[in-house]
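A short worksheet on the structure shown next.
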Amino acid sequence: RATHTTKRMTSKVEFLPARLAIGTYEHTVSGLELEENKNIEEEKNDMKIAKLFRIEAHLSAVTSLASSPSSHLVASGSSDETIRLFDIAQLKDFSALYGHTGEITCLEFFGEGYLLSGSGDGTIIIWSGNPTWEEAGKIAAHKGGVLSLSIHPTGKLALSVGKDGYLKLWNLMTCSLAHKIKLRHVSTQVKWSYDGNSYYVVSQKEIKVYDSHGDLMSNLTLGSKILAIVPLGSTGQRLAVGCENGAVTVWNSDGTLQFQMEGHKRRVRALTMVMVSFTIRMLKEIT
């Protein structure tokens, strides 16, 4: 008599545990931890949320947040003109960073030891965390205020746009201007691709894609105001875009639409790419 054998295999994609930082208009920064709540018998994977901390970090609204590549460090900027640093891994609150005289409009880490901040006062400050966090350089960047900045993957260059309508390229090694272009329209966002071979400039409903030499590669015009962009993949050949009408679209570097998702009734204010490490579990039962 032959015995019938049945194998059942289920795959689980795991990206937990993970820690999140949240900034609010109520001046607070909160830390949350997401953990998997496993129930093997019922084959359910629920998620439980634990509050790590909640502090009144600023005297006014939180206007920007950034995390380091390891996600251990989080920086928050505020309209109170200060920056706060948090070690999410060790739940450590660093001292506030003072140096700007205007609202903090943008923040970006390079590695674990450097942070760039842009402000409504028109300056960009380079902060160094070796060994303690302090100002390492200051750039008079834009008249009227800095709106966005992006650090090249080498850490030697940065792009910025401001209310003065200029796109500027900075040499971070010398804190000097390397190149500038007067744009037809004020840009609200600038972003390097992950490989540093191209960059994106956003103005209202338009995205212009340039190569590293400043030559225009493609021009995307959408039907709604663009509020958030994020390059996808290690080469940045695709771009995710969030718009005021609630749509999220993904575009190829040649300007062709890959797909569109309309899951939001209101504007999409922020996007980010999460690098997930996949662990596949194969559960086998033999009967």
Next on the checklist: With the condition being surrounded by 14 or more Cβ atoms within 10 Å (Cβ to Cβ) and at pLDDT below 80, I'd like the strands (runs of 3 or more DSSP E) fully within the stretch 205-287 carrying at least 2 qualifying residues.
Outcome noted: none
Next on the checklist: If I ask for residues that are crowded, with 19+ Cβ neighbours inside 10 Å and small (Gly, Ala, Ser), which ones from the stretch 110-142 would you list?
Outcome noted: Ser117, Gly118, Ser119, Gly120, Gly122, Ala141
Checklist outcome for this item: Filter the stretch 44-85 for residues that are at pLDDT below 90 and of a type in the set (Asp, Glu); the one that is least open to solvent (accessible area, probe 1.4 Å) is Asp46
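For the condition within 14 Å of the chain's Cα centre (by Cα), within 20 Å of Val230 (Cα to Cα) and not in a strand (DSSP E or B), what is the one hit in Ser70, Ser64, Ser117, Ser76?
On the way: Ser64 fails: not in a strand (DSSP E or B); Ser117 fails: not in a strand (DSSP E or B); Ser76 fails: not in a strand (DSSP E or B).
Only one candidate qualifies: Ser70.
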Item to check | Members of the stretch 177-194 that are open to solvent by 50 Å² or more (accessible area, probe 1.4 Å) and either assigned to a loop (DSSP other than H, G, I, E, B) or of a type in the set (Phe, Trp, Tyr) (or both) | outcome: Arg184, His185, Val186, Thr188, Tyr194
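Under the condition of being surrounded by fewer than 21 Cβ atoms within 10 Å (Cβ to Cβ) and in a strand (DSSP E or B), which residue from the stretch 86-104 is nearest to the chain's Cα centre (by Cα)?
Here the answer is Asp87.
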Next on the checklist: out of contact with any Pro (no Cβ under 6 Å at 6 or more places or on another chain), under 19 Å from Thr63 (Cα atoms) and open to solvent by 50 Å² or more (accessible area, probe 1.4 Å): is that true of Thr174 in this structure?
Outcome noted: no
Item to check | Some residue of the stretch 165-184 being of a type in the set (Val, Ile, Thr), within 19 Å of Tyr114 (Cα to Cα) and modelled with pLDDT of 95 or more | outcome: yes
Next on the checklist: Just checking, does the stretch 143-164 include any residue being in a loop (DSSP other than H, G, I, E, B), of a type in the set (A, V, I, L, M) and surrounded by 15 or more Cβ atoms within 10 Å (Cβ to Cβ)?
Outcome noted: no
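The values are calculated or read from the model by the stated rules, or taken from the named source; none is laboratory data. Because the structure is a prediction, the values reported are computed rather than measured. Backbone-built Cβ (ideal geometry, glycine too); neighbour counts: all protein chains shown. Remember, those area values only see protein heavy atoms, side chains included, never the ligands or the DNA or RNA. Shrake-Rupley method; radii C 1.70, N 1.55, O 1.52, S 1.80 Å.
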